[in-house]
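Take a look at the structure set out below.
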Amino acid sequence: MLKTAESLNRLGTETAFEVLARAADLEKQGRDIINLGIGQPDFKTPEHIVEAAIKALRDGHHGYTPAQGILPLREAVSADLAKRHDVEVDPGLITIMPGGKPTMFFAVLMFGTPGTEIMYPDPGFPIYRSMIEYSGAKPVPIPLLEDKGFAFSADDVLSQITPATRLIIINSPGNPTGGAVPREEIDRLVAGLARHPDVALMSDEIYSQMLYDGREHVSLLTYPEIRDQLILLDGWSKTYAMTGWRLGFSVWPKALVEPVVRLAVNCHSCVNAPTQFAGIAALEGPQDQVRTMVAAFDERRRAIVPMLNQLPGFRCVEPGGAFYAFPNVSGTGMSAKELQNRMLEEAGIATVAGTSFGIHGEGYIRFSYANSKENIARAIERIGTLLTG
Ligand SMILES: Cc1ncc(COP(=O)(O)O)c(C=O)c1O
């Protein structure tokens with residue numbers, strides 16, 4: 001019997017991948033499955049980005065790069081942040097990562113040890129809690145509630161800070177809720193955090209370019225008073241439909257750049273070279289396909305929310321960003337997991353139960369609308385039939 005580390009038992013997972021596997025199984029058996037469970041755009045990476053990676057391979061970029069990422073890419077990220085958020089970020093503070101996840105992995109490893117506390121959004125991306133548990137730190141949920149549009153309350157967050165708090169994780173626009181935190185709450189959080197200079201903040205802004213109804217993205221980078229506390233997570237996965245490329249970036253306080261690069265050297269050495277060149281093409285090339293994709297998500301969002309609201313036992317608030325709707329399904333009389341399973345097994349619709357995203361996700365289901373309007377309409381019809389017997 002092998003004796004693995006006890007900490008391994010505390011490491012969680014992302015249920016969306018399990019749903020995906022079960023949906024693929026059912027498809028193999030000949031079932032017609034509509035996938036509204038998946039957290040990735042149903043678009044292809046724009047052609048000029050693909051070409052840049054092919055060219056990089058042909059040009060001989062086959063070796064290791066600096067662990068922090070090639071300088072032209074970090075300069076392109078810096079220029080992109082200046083354009084999007086009107087902020088100045090030294091490329092020396094930017095680290096190129098194999099996706100968005102490694103930033104949360106490293107940030108939690110840097111701060112989490114037994115005896116410390118880390119706050120995270122609940123419902124939220126499941127890897128936050130999984131990593132906090134793995135590190136041995138105490139996970140402290142920040143409840144995101146339907147009646148507040150799934151935005152956190154700054155007072156809620158600040159009142160939970162204790163001498164053991166090391167890191168606070170926030171995510172807006174959010175997965176799984178699509179909630180977008182209004183500027184006033186962020187202003188108040190920042191004002192409070194400035195009184196706790198020994199507490200770090202990781203702001204996961206991976207959906208920053210997916211906001212609707214004229215909402216503006218409020219990047220935590222725009223608050224100079226917390227720059228020495230802030231870890232910004234962003235990347236290409238969602239914005240440029242590049243989930244499989246594994247490319248992300250983060251901005252770190254100056255004091256954490258050396259340790260994060262050391263973690264990268266220990267873990268992955270560097271992001272593969274051609275992908276980094278693709279990243280430059282994405283940021284510096286035309287942005288029209290990003291706009292087209294976001295417009296398509298918006299159209300589907302406006303279609304799916306009223307449809308969900310017509311299902312018996314469902315109630316869905318308008319999501320402000322990302323590509324998820326998070327209806328309250330407690331009126332169906334089923335638990336989130338039971339409904340998720342029945343929708344998949346009996347109606348062929350893949351979704352993810354809210355409980356996969358935290359204790360406050362009970363009674364909710366995450367629908368990803370990264371699928372065609374036709375498929376969304378077919379899916380809702382089948383769920384309607386399931387619910388009305
Ligand atoms: C909130 C959030 N952060 C980070 C990630 C991870 O992104 P990546 O695929 O780039 O690792 C996801 C992916 O679903 C996400 O929803």
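Each value in this text was obtained by applying a stated rule to the coordinates, not by laboratory testing. In this text the structure is predicted, and so the values were computed from the model without any measurement. Reconstructed Cβ throughout: ideal geometry from the backbone, glycine too, with neighbour counts over all protein chains shown.
Remark: HIS61, HIS268 ranked as HIS268, HIS61, counting other beta-carbon atoms within 10 Å and listing the fewest first. Counting neighbouring beta carbons within 10 Å and listing from fewest to most, the residues LYS138, LYS254, LYS55, LYS238 come out as LYS254, LYS55, LYS138, LYS238. Legend: distances between Cα atoms for LYS3/LYS28; LYS148/LYS337; LYS28/LYS55; pairs beyond 27 Å are LYS3/LYS28; LYS28/LYS55.
Once the convex hull of the C-alpha atoms of the range 309-384 is built, how many Å³ does it hold per residue, rounded to a whole number? Looking at the range 309-384, the number lands at 89 Å³ per residue. Between MET210, MET110, MET242, the GNM of the chain built on Cα springs shorter than 10 angstrom shows MET110 fluctuating the most. Remark on the chain: hydrodynamic radius 21.6 angstrom, per the Kirkwood mean of 1/r across alpha carbon pairs.
Contact order for the chain, expressed relative to its length and based on alpha carbon pairs under 8 Å spaced 6+ residues apart, stands at 24 percent. Over the C-alpha atoms of the range 294-339, the Rg to Rh ratio, Rh being the Kirkwood estimate, stands at 1.02. Most simply put, the chain has about 45% antiparallel DSSP beta bridges, counting only bridges with both residues inside it. Springs join every pair of Cα atoms under 10 Å in this Gaussian network model of the chain, and among SER208, SER335, SER250 the largest mean-square fluctuation is at SER335. Just so you know, the Rg over Rh for the range 251-352 is 1.17, from Cα atoms, with Rh as the Kirkwood radius. Here the dipole of the range 1-78 is about 240 debye; that uses its Cα centre as origin and unit charges on the Cβ of Lys and Arg (positive) and Asp and Glu (negative). For ILE142, the amide hydrogen comes within under 5 Å of the amide hydrogens of TYR120, ASP122, counting only partners 5 or more places away or on other chains and with H modelled in the peptide plane. The H on the amide N of THR116, modeled in the peptide plane, is under 5 Å from the matching H of LYS138, each at least 5 residues off or on a different chain. The base-10 log of I(q)/I(0) for the range 191-281, evaluated at q = 0.15, 0.20 Å⁻¹, reads -0.72, -1.10 [Debye formula, identical scatterers on Cα atoms, solvent excluded].
Roughly how far apart, in whole Å, are the Cα centres of the range 188-210 and the range 60-104? For the range 188-210 versus the range 60-104, the Cα centre distance is 20 Å.
Here the sum of -39500 (n - 2.57) over DSSP H runs of 4 or more residues, divided by the residues of the chain, equals -12500 deg cm²/dmol at 222 nm, to the nearest 500.
Treating each Cα of the range 39-122 as an identical point scatterer and summing with the Debye formula, the log10 of I(q)/I(0) at q = 0.18, 0.22 Å⁻¹ comes to -1.12, -1.26.
According to the Kirkwood expression over distinct Cα-Cα pairs, how big is the hydrodynamic radius of the range 143-297, in Å? About 17.1 Å, per the Kirkwood formula over Cα pairs.
Derived from the Cα gyration tensor, the three semi-axes of the equivalent ellipsoid of the range 133-210 are 20, 15, 12 Å, largest first. Only one residue of ILE226, VAL89, HIS48 has its Cα farthest out toward the positive end of the dipole of the chain, where Lys and Arg carry +1 and Asp and Glu -1 on Cβ, and that residue is HIS48. Report relative contact order for the range 11-166 in percent, whole number only (criteria: Cα-Cα under 8 Å, sequence separation at least 6). With pairs under 8 Å counted, the relative contact order is 20 percent. Computed from the alpha carbon atoms alone, the convex hull of the range 94-142 holds 71 Å³ per residue. Considering only PRO123, PRO66, PRO139, the Gaussian network model of the chain with Cα springs below 10 Å gives its largest mean-square fluctuation to PRO66.
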